Amino acid sequence: MAIRVAVLGLGPRGREWIAVLRNAPGFELAGVVEPDPEVRRAATVTLGLRDRDAHEHLDSAVEAGRPQAAIVATSIDSHVEPCRAALARGLAVLVEKPFTLSLADARRLVAEAQECGVPLMVGQNYRYMRMPRTLRRLFASGELGRLGLLVVQTYRSQKEQARALATLTDSILWEIAVHHLDAVRSAVGGPVVRVLAQRFTLPWSEAPPGASMQVLLEFEGGARASYCASYDSRGQEFFERGQELYLRAATDRGTLHVFHRWLVWCERGRYPRLIRRGPRAEVEELTLLRQLGRAITDGAEPECSGRDNLQTMAILEACARSATEGRWINPQDLLG
């Protein structure tokens, strides 16, 4: 039988999840929950939902649709209570990134999921995109040699900034950096043991504080990484939908250059060569759903479990604290 899933939140991401569920083998949309009546009414029309499938409260959705799981796609600053409500009703939970806006809240949710005996996952889909997946394979296999330094830069237009981020101090951290820092952690493989960060806005910027951030990371084993992200990049509106990403990995054997979808390996003493990313067999959201399905039916621990994501949350909190306190922070101490 298909696993029945309710979607909580009908913003852009919630609507994307509805489309995925409608085409995902072994899954079935069991209703949606949206407290805003205007948004709910508009969604029933644009998404072709039946009135009886759109609910104001989770209780009525559970009673009507009998879901086994819930996808929490509410606004970025309101993940905690929907997760708690779903867990309390025995539903497996897949919550959009960021897990929460504090490590303490994330730890409490992981503890509640364990107490309730139901799976809890975080939708870190970037780590399953072809480029991060290829990096993970290359680093794990040793094909590129020993990693010494990873440099990542990403630039976005301010118009892409979600409205819910306007009041957050570190908007770029919770919207964009959470994707890349999780993907980097997954690709490198080891825990991060030191973080130094600074937040800033450019002199001509109209963005709120924290629209740009620079981060230094040290991994267990000695590998280093630097990360820079900004909403204050201009002039690339017609290039890659305004999203730019550059990556450089320096190893003892050479340097890997990544420019969007192009990976060029420059080994010492040899001509550069392209590295293929491999096929995209399925959308990344389907990969997450399959993990959720195995967790429900077989009790398998998801790779993107809430417990695993505590490492990512600790890095994010270390970034925020370091930017405020002006000192190195060890994420493992925050977890300790």
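So here's what we get for this one:
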{"read-out": "Checklist (1) in contact (Cβ under 8 Å) with a residue 40 or more places away in the chain; (2) of a type in the set (A, V, I, L, M, F, W, C); (3) in contact with a Gly (Cβ under 8 Å, 6 or more places away or on another chain) applied to Phe219, failing item", "value": "(1)"}
{"read-out": "Residue match in segment 18-38 (condition: in a helix (DSSP H, G or I) and among the aromatic types (Phe, Trp, Tyr))", "value": "no"}
{"read-out": "Filtered residue count, segment 49-81, keeping only those that are part of a helix (DSSP H, G or I) and either without any contact (Cβ under 8 Å) to a residue 40 or more places away in the chain or crowded, with 23+ Cβ neighbours inside 10 Å (or both)", "value": "10"}
{"read-out": "Residue count for segment 264-280, restricted to those that are surrounded by fewer than 10 Cβ atoms within 10 Å (Cβ to Cβ) and touching a helix residue (DSSP H, G or I) at 6+ places or on another chain (Cβ under 9 Å)", "value": "2"}
{"read-out": "Leu263 modelled with pLDDT of 85 or more and within 26 Å of Arg277 (Cα to Cα)", "value": "yes"}
{"read-out": "Strands (runs of 3 or more DSSP E) fully within segment 85-163 counting 2 or more residues that are of a type in the set (Val, Ile, Thr) and not assigned by TED's automatic domain parsing to the domain that holds Leu289", "value": "147-155"}
{"read-out": "Members of segment 174-200 found to be over 16 Å from Ile329 (Cα atoms) and hydrophobic (A, V, I, L, M, F, W, C), listed by number", "value": "Trp174, Ile176, Ala177, Val178, Ala183, Val184, Ala187, Val188, Phe200"}
{"read-out": "Where a residue in segment 281-303 is in contact (Cβ under 8 Å) with a residue 12 or more places away in the chain and farther than 21 Å from Cys116 by Cα and its partner, wherever it lies, is outside any loop (DSSP other than H, G, I, E, B) and β-branched (Val, Ile, Thr), with Cβ under 7 Å and at least six apart", "value": "Val283/Val20; Glu285/Val20; Leu286/Val20"}
{"read-out": "Yes/no for Ser230 being on the phi < 0 side of the Ramachandran plot, in contact (Cβ under 8 Å) with a residue 60 or more places away in the chain and among the small types (Gly, Ala, Ser)", "value": "yes"}
{"read-out": "Residue that is closer than 14 Å to Leu29 by Cα and small (Gly, Ala, Ser), where the choices are Ala61, Ala88", "value": "Ala61"}
{"read-out": "Every pair of residues 6+ apart whose Cβ atoms lie under 7 Å, when the first sits in segment 307-328 and is outside the structural domain of Leu101 (by TED's automatic domain parsing) while the second is part of a helix (DSSP H, G or I) and among the basic types (Lys, Arg)", "value": "Leu310/Arg107; Gln311/Arg185; Thr312/Arg185; Ile315/Arg185"}
{"read-out": "Given (1) outside any strand (DSSP E or B); (2) surrounded by fewer than 15 Cβ atoms within 10 Å (Cβ to Cβ), index of the condition Glu285 fails", "value": "(2)"}
{"read-out": "Verdict on Ala225 being assigned to a strand (DSSP E or B), aliphatic (A, V, I, L, M), modelled with pLDDT of 95 or more and over 22 Å from the mean Cα position of the chain (by Cα)", "value": "no"}
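The values are calculated or read from the model by the stated rules, or taken from the named source; none is laboratory data. Not measured: the values here are computed from a predicted model. No Cβ is skipped: glycine too gets one built from the backbone with ideal geometry, and neighbour counts run over all protein chains shown.
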